[in-house]
Amino acid sequence: MKRKLAVQIAIIAIAVAFILIGIFSGEATIVLRKARDICLSCIGIG
Amino acid sequence: MKHERKRTIIQFLAAAFFNGYAAGFAKGQIFKGGTKILCVPVLNCYSCPGALGSCPIGSLQAVLGSRNKRFSFYVLGLMMLFGMVLGRLVCGFLCPFGLLQDLLHRIPIKKVKVNPKLDKVLRYVKYAVLLVLVLLLPVLIRNDFDMGETWFCKYLCPAGALEGIPLILANPALQSALGFLFSWKMCVLLIVLISSTLIHRPFCKYLCPLGAFYGLFSKFSLYQMEIDKSKCIGCGKCESVCPMDVKCLKDMNSAECIRCGKCKAQCPVHAIESTFGFNLKKKGE
Ligand code: SF4
Ligand code: SF4
Ligand code: SF4
C-alpha cells in the first residue's frame, strides 16, 4: 500500500511539473492557437 | 433511479457541458474563446462547433508536430493528471463518444460475440494507435518547415469526422473542399457506428488512444474498485453484465474497465466497492 501511495504521489507531482514546464515553454499557447482554427485534418478535409 | 439511467443522464450532461457553445451549431462556426487553452479529459474534437475546450489527443499531436517541438509536457501532464485522478471513469461517465456507442448498442438487433482469441489481439491495437499514430509519426515525419502531421486525427479519428459534420453542413466553403480524405473518414465513421450496434464499444475496446492511455493508470488512479472476497458468493453476475468483458473476479482494476459500475449495481450481495482518494488502508483492514 505504501508503494502504491508513493507511485500515486509521484505521478501527480510529475504531472503537475509537466503542466508547469509546458505552460512556461509556450505549449499551452500552441494548444489554444490550434483549437481556435477549424482543424481541417480532423473533419476530413486536409 | 436505476444505475444505468443515472449514468446515461450524467453522460448527456457531460456531453452538453463539453459542447456548451450552442451558438456554434447555429452559426456553423467553432468557439474561439480562451477556455480552449485547456484540454478536456474526453475524446471531444475541438472542431465540434460546440466544443469549449481542446481534445487532448488532437492537442498532443499538434504540439508534437509543431516546429522545434518533439515532446509535449503540457498535454501529457494534463493527460497524466486526468488518468491519475479519474482514470477510465472518464470513459464510463464523461466521454461523448462513449455515450454515442452506448446508445447505438441499445438498438435491439442481434449482437455479435467477437472470437475471444481475436478479441485479445485486437485489444492491443489501441496501444499501437497511441504509440504510432499519436506519439511517433508526428515527431518522426516532418515537412520542410519542420512540422509533423496529426496522423490519428487525419486518418482515423471518427469523433472528429462526426463532430465536423455540422460545421461542413453550415459552411459552403468547406463543402467545396471535400475530397478523398473526407470519404475515407466517413467510411471509418460508418464502420465504427455500425459495429457499435453489434458489439459493445468497439472503438473504446480496440482503437481509442485516449482510453489506452488512461488504462495505464487503472491500477493507480485515485478512483479504484474492489471486490470484497468475504462477501462474494462467486455467482459471476458481475462478469456476465460487463460491457468490456472484464474478468472482474480476477482483476477488478483491469486497464479495460471503463468504471461504468454495471457490475457493482448487479452484484446481489454488494461485494463490489468503489473508492476515491489516496488509499491508505492496508489490504483486509
Ligand atoms: S475509450 Fe476513448 S472514445 Fe471510448 S470512452 Fe474512453 S476516451 Fe471516449
Ligand atoms: S468491470 Fe464493472 S465497472 Fe468495469 S467495465 Fe465491467 S461492468 Fe463496468
Ligand atoms: S456479482 Fe458479486 S457476488 Fe457475484 S461474483 Fe460478482 S462480486 Fe461476487
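Computed from the coordinates by the stated procedures, all read-outs in this text should not be read as laboratory data. Keep in mind the model is a prediction, meaning the values are calculated, not measured. Note: ideal-geometry Cβ built from the backbone for every residue, glycine included; neighbour counts use all protein chains shown.
Data for the structure
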item: Assigned charges on the beta-carbon of Lys, Arg, Asp, Glu; chain A dipole about Cα centre (debye); result: 280
item: Computed P(r) (all Cα pairs; chain A; 5 Å bins; percent); result: 5, 19, 13, 14, 11, 12, 11, 8, 5, 2, 0
item: Sequence-distant residues sharing a close amide H with B:C257 (under 5 Å, placed H); result: none
item: Amide H partners (placed H, <5 Å) of B:F31, local residues excluded; result: B:A51
item: Global form of region B:3-215, assessed from the alpha-carbon gyration tensor, a/c cut-off 1.5; result: rounded
item: Percentage relative contact order, chain B, counting C-alpha pairs under 8 Å, at least six apart; result: 22
item: Degrees separating the helix B:3-18 axis from the principal Cα axis of chain B, which is the longest one; result: 20
item: Value of Rg/Rh across region B:223-276 [Cα atoms, Kirkwood radius]; result: 0.90
item: Filtered trypsin sites (Lys or Arg not before Pro), region B:1-39: DSSP coil and at most 10 other beta carbons within 10 Å; result: B:K2
item: 5 angstrom amide H check on B:L43, placed H, neighbours 5+ away; result: B:F97
item: Shielding by partners - mean other protein chain Cβ count within 10 Å, residues of B:156-168; result: 3
item: Whole-number Å³ per residue for the convex hull built on Cα positions in region B:133-264; result: 151
item: Region B:39-101: trypsin sites (Lys or Arg not before Pro) in DSSP coil with no more than 15 other Cβ atoms inside 10 Å; result: B:R67, B:R70
item: Rounded to whole Hz, the Karplus (6.51, -1.76, 1.60) HN-Hα couplings of region B:212-219, x for glycine and proline; result: 4, 5, 5, x, 5, 9, 4, 6
item: Principal axes of the protein assembly as shown: Cα extent on each, largest first, Å; result: 62, 48, 38
item: Estimated dipole of chain B in Debye, rounded to 20 [Cβ of Lys and Arg +1, of Asp and Glu -1, Cα centre]; result: 640
item: J(HN,Hα) series, region B:223-238, from Karplus relation 6.51 cos²θ - 1.76 cosθ + 1.60, nearest Hz, glycine and proline x; result: 8, 10, 10, 8, 9, 7, 4, 6, 9, 4, 9, x, 6, x, 4, 4
item: Proximal lysines relative to B:K237, as straight alpha-carbon distance under 22 Å, when same-chain residues fewer than 8 apart are discounted; result: B:K2, B:K6, B:K110, B:K111, B:K113, B:K120, B:K205, B:K229, B:K247, B:K250, B:K262, B:K264
item: Most to least packed among B:130-138, A:4-12 [average Cβ atoms within 10 Å]; result: B:130-138, A:4-12
item: Selection from B:H200, B:P268, B:L99 lying farthest towards where the dipole of the protein assembly as shown points positive, charges on Cβ; result: B:P268
item: Nearest-20 debye value, region B:47-126 charge dipole, Cβ charges on Lys, Arg, Asp, Glu; result: 400
item: With Cα atoms, 0 to 90° folded angle of helix A:27-36 axis to chain A main axis; result: 40
item: Kirkwood Rh (inverse of mean 1/r, distinct Cα pairs), region B:33-134, angstrom; result: 15.8
item: Taking B:H200, B:H270 and counting other C-beta atoms within 10 Å, the order from fewest to most; result: B:H270, B:H200
item: Rounded tilt (10° steps) of B:158-169 against the dominant C-alpha axis of chain B; result: 40
